[in-house]
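So the structure is just underneath, and the comments pick up after that.
The values are calculated or read from the model by the stated rules, or taken from the named source; none is laboratory data. All values derive from a computational prediction rather than experimental measurement. Virtual Cβ from ideal backbone geometry, glycine too; neighbours counted across all protein chains shown.
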Amino acid sequence: MLVANSLNRDTAFNELIHIGDWWMQHCQDTQFGGFVGQVNYDGKVESCASKGIVLNTRILWFFSEAARFTGRQDYRQMADRAYQYLLDCFDDKVHGGIVWEVDHQGAVLSAKKQTYAQCFAIYALCAYYQLTGKQVALDKAWSYFELVEQHCWDQQDKGYIEALDGQWQLLDDVRLSDKDQNTPKSMNTHLHVLEAYSALYLLKPETKVADALRGLIDIFAERIIDQGSSHLKLFFDMQWQDYSTFYSYGHDIECSWLLWEALEILGDEDYLQKYRPLVVDMAKVCAEQAIGEHGQVCDEYVFACQSIHQTSDWWVQAEALVGFMNAYHLTGEAHYFELCEQIWDFTQKYHIDHEKGEWHWVASIYQAQAEPKYKVGFWKAPYHNGRAMMEMCRLFDAIEKNNIATTVQNSVSI
């Protein structure tokens, strides 16, 4: 077992490069274009696997951001590749928006319009625009935003419905995945609408986007975050009746920092002051309740059996690193950074595959009790872990800048 490197900016940056290089080397589909739909846990490529829009947009987002963050031209080429494949195969030229799934050759398998996916496309296209300055990418993101607002916004009870069919008509089954409940509204969809609209507002600070972003923040505070527990409620009917059966610790801590990011981008001082305690409290509760037997953030707490699932998924640890580091940045409380250090230690030991590269979906210490899962696939991209490494670098920089400013201020005072 390798000894974990200490958590600092250099180790985060180095892991970012490891992630980016692995995806660049292993995941291009040189036969049919774009990126392969699946690479198994053992490195075997499933060349005929279908390709999902979530994977493709997350690849586009990652390489756009990583190219801008590192200045690497080869990452820019990967972003160009993902962007072109999105336009060629996922963009619905007839009904607008993006389709859900294509086969390995790019033919449409499912044209449904999942709100979650439309917003990942907005998020990715905004990142690509920031990298390239291509106006057509931002225009496309704006067109998806307008379609979501037109078709997916619930005018009566507020919030965004889960999904519509390929022609933006009602669907019976609106689930995002097989593990989700078939309810018309969910926390997860709203979280990624929030993420996308934050990115769009940063580039197009128009009233329409500001109003939508402010409304989303209010929905989280008033409908989705449980005021008594500071956990997220997960599944809802149209009138926001809660049908949740568990707490998702990974989403709790991810929401904490994404909500703060949205507040900072919106730039409304009243909102920042009003909701800052809520952001910190979500991290505080997660720190108190979700830490597992090996220092990891656990997956979930199930109401029916009143028990915590110790199993660790890769994305939960990635989001926990950012969420607790953000809490450390906001509060200065050292125990949040100490949590980051133990999560990084756990991740180094049990998630990062030091032999074959990338991160295991399930931590190796728990794999005996879990089915092997792919390293690349419909729901696994370089988005969670790659983004975490970039966000950690930015937070280290921000904390250092604050420390320097404080030191200078104290010196002047003396």
Legend entry - Hey, LEU147 at pLDDT 95 or above, out of contact with any strand residue (DSSP E or B) (no Cβ under 9 Å at 6 or more places or on another chain), of a type in the set (A, V, I, L, M) and assigned to a helix (DSSP H, G or I) or not: no
Inset, instruction - State all residues of segment 256-278 that are of a type outside the set (D, E, K, R) and more than 11 Å from ILE217 (Cβ to Cβ); if no residue qualifies, say none. - result: SER256, TRP257, GLY267, GLN273, PRO277
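Could you check, for segment 194-214, whether at least one of its residues is within 28 Å of VAL302 (Cβ to Cβ), at pLDDT 95 or above and surrounded by fewer than 18 Cβ atoms within 10 Å (Cβ to Cβ)?
Taking segment 194-214 first, the residues within 28 Å of VAL302 (Cβ to Cβ) are 194-195.
If we keep only those that are at pLDDT 95 or above too, we end up with 194-195.
Among the residues that remain, those that are also surrounded by fewer than 18 Cβ atoms within 10 Å (Cβ to Cβ) are: none.
Looking for residues that are within 28 Å of VAL302 (Cβ to Cβ), at pLDDT 95 or above and surrounded by fewer than 18 Cβ atoms within 10 Å (Cβ to Cβ), one finds none in segment 194-214, hence no.
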Legend entry - Leading residue by the ranking (nearest to GLU333 (Cα to Cα)) among those in segment 282-308 that are in contact with a Cys (Cβ under 6 Å, 6 or more places away or on another chain) and surrounded by fewer than 22 Cβ atoms within 10 Å (Cβ to Cβ): GLY292
Inset, instruction - Could you please tell me which pairs satisfy a Cβ distance under 6 Å, a separation of 6+ or placement on different chains, a first residue in segment 247-258 that is in contact (Cβ under 8 Å) with a residue 60 or more places away in the chain and more than 18 Å from TRP361 (Cβ to Cβ), and a second residue that is buried (at least 24 other Cβ atoms within 10 Å of the Cβ) and charged (D, E, K, R)? - result: ILE253/GLU319
Inset, instruction - Output yes when any residue across segment 171-191 is of a type in the set (A, V, I, L, M, F, W, C) and either more than 22 Å from GLU319 (Cα to Cα) or more than 18 Å from the chain's Cα centre (by Cα) (or both), and no when none is. - result: yes
Inset, instruction - Could you pull out the residue among LYS44, LYS51, LYS93 that is in contact with a His (Cβ under 7 Å, 6 or more places away or on another chain), without any contact (Cβ under 8 Å) to a residue 60 or more places away in the chain and of a type outside the set (Val, Ile, Thr)? - result: LYS51
Inset, instruction - For segment 261-278, indicate whether the set of residues that are under 21 Å from LEU330 (Cα atoms) and not in a helix (DSSP H, G or I) is non-empty. - result: yes
Inset, instruction - Could you give me the residue pairs with C-beta distances under 7 Å whose first residue belongs to segment 166-186 and is within 15 Å of PHE246 (Cβ to Cβ) and buried (at least 16 other Cβ atoms within 10 Å of the Cβ), whose second residue is among the β-branched types (Val, Ile, Thr) and modelled with pLDDT of 95 or more wherever it lies, and which are 6+ apart or on separate chains? - result: none
Legend entry - Lone qualifier among LYS356, LYS373 - being surrounded by 16 or more Cβ atoms within 10 Å (Cβ to Cβ), among the basic types (Lys, Arg) and either closer than 24 Å to GLN38 by Cβ or at pLDDT 95 or above (or both): LYS373
Inset, instruction - Exactly one condition in (1) among the charged types (D, E, K, R); (2) outside any helix (DSSP H, G or I); (3) without any contact (Cβ under 8 Å) to a residue 12 or more places away in the chain is not met by GLU288; state its number. - result: (2)
Legend entry - Failed item, numbered, when THR115 is tested on (1) β-branched (Val, Ile, Thr); (2) in contact (Cβ under 8 Å) with a residue 60 or more places away in the chain; (3) surrounded by fewer than 21 Cβ atoms within 10 Å (Cβ to Cβ): (3)
Legend entry - Among (1) over 23 Å from SER6 (Cβ atoms); (2) touching a Ser or Thr at 6+ places or on another chain (Cβ under 6 Å) - the single one CYS298 does not satisfy: (2)
Inset, instruction - Please enumerate the residues belonging to segment 23-77 that are of a type in the set (A, V, I, L, M, F, W, C), farther than 14 Å from CYS89 by Cβ, within 22 Å of the chain's Cα centre (by Cα) and assigned to a loop (DSSP other than H, G, I, E, B). - result: CYS27
Legend entry - Qualifying residue in segment 151-159 (condition: within 14 Å of GLY97 (Cα to Cα), in a helix (DSSP H, G or I), in contact (Cβ under 8 Å) with a residue 24 or more places away in the chain and not acidic (Asp, Glu)): yes
Inset, instruction - State all residues of segment 209-230 that are touching a residue at least 60 places away in the same chain (Cβ under 8 Å) and under 24 Å from GLU319 (Cβ atoms); if no residue qualifies, say none. - result: ALA212, ILE219, ARG223
Inset, instruction - Kindly check whether there is at least one residue in segment 250-268 that is of a type in the set (Gly, Ala, Ser) and within 20 Å of ASP299 (Cα to Cα). - result: yes
